[in-house]
1. Does the range 96-168 come out rounded, prolate or oblate, given a ≥ b ≥ c as the square roots of the eigenvalues of its C-alpha gyration tensor, rounded meaning a/c under 1.5 and, failing that, prolate meaning a/b above b/c?
2. Can you compute the charge dipole magnitude of the range 18-308 about its Cα centre, using +1 on each Lys and Arg Cβ and -1 on each Asp and Glu Cβ, nothing else charged? Give it in debye, rounded to the nearest 20.
3. I want to check the label-to-label distance for residue 79 and residue 272. Put each point 7 Å from Cα in the C-beta direction and report it in nm to one decimal.
4. Relative contact order, percent, of the range 54-121 when contacts are C-alpha pairs under 8 Å separated by at least 6 residues?
5. Might you tell me the accessible area per residue for the range 18-308, computed with a 1.4 Å probe and given in Å²?
6. Per residue, how big is the convex hull around the C-alpha atoms of the range 18-308? Give it to me in cubic angstrom, could you?
7. Sequence neighbours fewer than 8 away in the same chain don't count; with that in mind, list the aspartates and glutamates whose C-alpha is under 13 Å from residue 215.
8. Roughly how far apart, in whole Å, are the Cα centres of the range 182-211 and the range 262-295?
Amino acid sequence: MLIRHRAGWELPESAATPESVYLDRRQWLAGAAGLVAGTALPGLARADTTAPTSDLYPAKRNEAFTLDRPLTEEKLAASYNNFYEFGMSKDVAGAAKRLVARPWTIKIDGLVEKPFEIDADELIRKMGVEERLYRFRCVEAWSMAVPWTGFPLRKLVELARPQSGAKYIQMQTFLDPRMAPGQGQRWLPWPYTEGLTLAEATHDLTLMVTGIYGKPVPNQHGAPLRLIVPWKYGFKSVKSINRISFVAEQPKTFWEGLQASEYGFWANVNPEVAHPRWSQASEQVLGSRERRPTLLFNGYAEQVAGLYKGLEKERLWA
Ligand SMILES: Nc1nc2c(c(=O)[nH]1)N[C@H]1C(S)=C(S)[C@@H](COP(=O)(O)O)O[C@H]1N2
Ligand SMILES: [Mo]
């Protein structure tokens, strides 16, 4: 069993893992045993930790994106993660070393002029990268402030040349239970899938993340390429993306597939709308003892509220 001391800023165990709380603990423990056995699997390639695009870091900071709070300490952000492919605790950085993030191919398909595949580093170099400081708010009611490096997803949408019928994009993580033991947990709707409307995907704040703290993004943060949508709960920010599909209908997401009564498609941050099991009014600032009031759209209301005009009847806040 894992026995660890709780830091002052961590939520009590009862509140710390609400995204997974309703999952059967015994099922998970059975899976965890498989995870240990899986570590000994022979023949698995070791992840190459040097990104062919590492010369792009640190990237120039775009000063248009400023923060109202100090940055979270790099070590803390890198050791308090949600990446269910590698386990359900926050302590998955070790297990995520198994992720073979290079070479990595991203498939662009669906309603586009011409589907294609592209190597992640080729794409990153083509798009160019910049640094932005964003707030990051998990539905579990904790938050961080992070220097991400990446490029606006809009640039990739332009590269893909969507057909007029494309209204949404669906983004998927790899599916490889040998590499990611958490995917051996068959009751979870793998692969991890997320989606955005085309308007959200092409909003200036929506970032394809390739780096963090001035370096290529490490495995536990979703190497080699992950999404960041700072006005939505963290679960929308899918990691280790290998497929982006342009579609006509609203795509089903991992969390909707798991528990639609608690997690929806929109997942915009709103302090006034509680999760069915806990309040969203405030957030624990990781690395400090501070609890801050949560801001509407995580503080990005001025930029994004317009995206939701006319959608007031939708379930925008879950
Ligand atoms: N593929 C994948 N992406 C994922 C997750 C996951 O389990 N698998 N967890 C999500 C959740 S709930 C959060 S809060 C963020 C955490 O990102 P971080 O570990 O880089 O802080 O990743 C999101 N993206
Ligand atoms: Mo989350």
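1. Working: a/c = 1.85, a/b = 1.45, b/c = 1.27.
Cα axes put the range 96-168 in the prolate bin.
2. Numbers: 35 positive and 31 negative charges, 93 e Å.
It comes to approximately 440 debye.
3. Between residue 79 and residue 272, the label points sit 4.0 nm apart.
4. Details: 45 pairs, mean separation 10.8, N = 68.
So the answer I get is 16 percent.
5. Details: 11920 Å² over 291 residues.
Heavy-atom SASA per residue in the range 18-308 reads 41 Å².
6. Working: hull volume 37.2 nm³, N = 291.
Enclosed volume per residue, from the Cα hull, is 128 Å³.
7. Result set, ordered by chain and number: 55, 74, 130, 131.
8. If you average the Cα positions of each part, the centres end up 20 Å apart.
The values are calculated or read from the model by the stated rules, or taken from the named source; none is laboratory data. Note that the structure is predicted; figures quoted are calculated from it, not measured. For neighbour counting, all protein chains shown are included, and Cβ atoms are generated from backbone atoms with ideal geometry for every residue, glycine included. To get the accessible areas, we keep the full protein, side chains included, count just its heavy atoms, and leave off ligands, DNA and RNA. Shrake-Rupley method; radii C 1.70, N 1.55, O 1.52, S 1.80 Å.
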